[in-house]
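Heads up, the thing below is written out as structure tokens.
The values are calculated or read from the model by the stated rules, or taken from the named source; none is laboratory data. Computed from a predicted model, the values in this text were never measured in an experiment. Note that we place each Cβ from the backbone using ideal geometry, even for glycine, and neighbour counts take in every protein chain shown.
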């Protein structure tokens, strides 16, 4: 069962990541500026996260956060901010059916970053490399 750990959550995330661009594109097609689309989407996410943190009692554990964890979370937030802003901008000028697949080559960049920054915690085998290669090839075939 341990090999399936996190798979349900990953599947839910995949469904949400797959459906969200449709709503984003519909908003952009109605004349919504990409920046405001990002602001509204992330603002909604922030409210949901605050409510979840409050009801899960996680809000009271801020003191347990280490500086190293905090700095990495902030850097991840910066990367996510650039990603979402450029994603909305790309969708405002491109077709969702082309923009979304191009953004899905991120496993290539994740694998490279993990190789350089997480060497001790990540194991790479030929299946991981081949699978990532197939993802990129699949995206190239769609565009």
Query raised in the report: Taking the range 51-71 only, how many residues are surrounded by 11 or more Cβ atoms within 10 Å (Cβ to Cβ) and at pLDDT below 85?
Result: 4
Query raised in the report: All but one of (1) modelled with pLDDT of 90 or more; (2) outside any helix (DSSP H, G or I) hold for residue 121; which doesn't?
Result: (1)
Requested in this report: Would you please list the contacts, defined by Cβ atoms under 9 Å and residues six or more apart or on different chains, that run from a residue in the range 5-26 that is within 16 Å of residue 45 (Cα to Cα) to a residue that is modelled with pLDDT of 90 or more and outside any helix (DSSP H, G or I)?
Outcome: 24/32
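What about residue 40, is it over 14 Å from the mean Cα position of the chain (by Cα), at pLDDT 95 or above and not in a loop (DSSP other than H, G, I, E, B)?
Numbers: over 14 Å from the mean Cα position of the chain (by Cα): yes; at pLDDT 95 or above: yes; not in a loop (DSSP other than H, G, I, E, B): yes.
Spelling it out, residue 40 is indeed over 14 Å from the mean Cα position of the chain (by Cα), at pLDDT 95 or above and not in a loop (DSSP other than H, G, I, E, B).
Just a yes or no: is a residue in the range 63-72 farther than 25 Å from residue 110 by Cβ and not in a helix (DSSP H, G or I)?
As a first pass, look at the range 63-72 and keep what is farther than 25 Å from residue 110 by Cβ: 63-64.
Those still in the list that are not in a helix (DSSP H, G or I) too: none.
No.
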Report summary line: With the first residue restricted to the range 98-125 and required to be free of Cβ contacts under 8 Å to residues at least 24 places away in the same chain, and the second required to be surrounded by fewer than 14 Cβ atoms within 10 Å (Cβ to Cβ) and outside any loop (DSSP other than H, G, I, E, B), Cβ contacts under 7 Å at 6 or more apart or on different chains are 124/115
Query raised in the report: What single numbered condition from (1) under 13 Å from the mean Cα position of the chain (by Cα); (2) loosely packed, with under 11 Cβ neighbours inside 10 Å; (3) more than 27 Å from residue 134 (Cα to Cα) fails to hold for residue 47?
Result: (1)
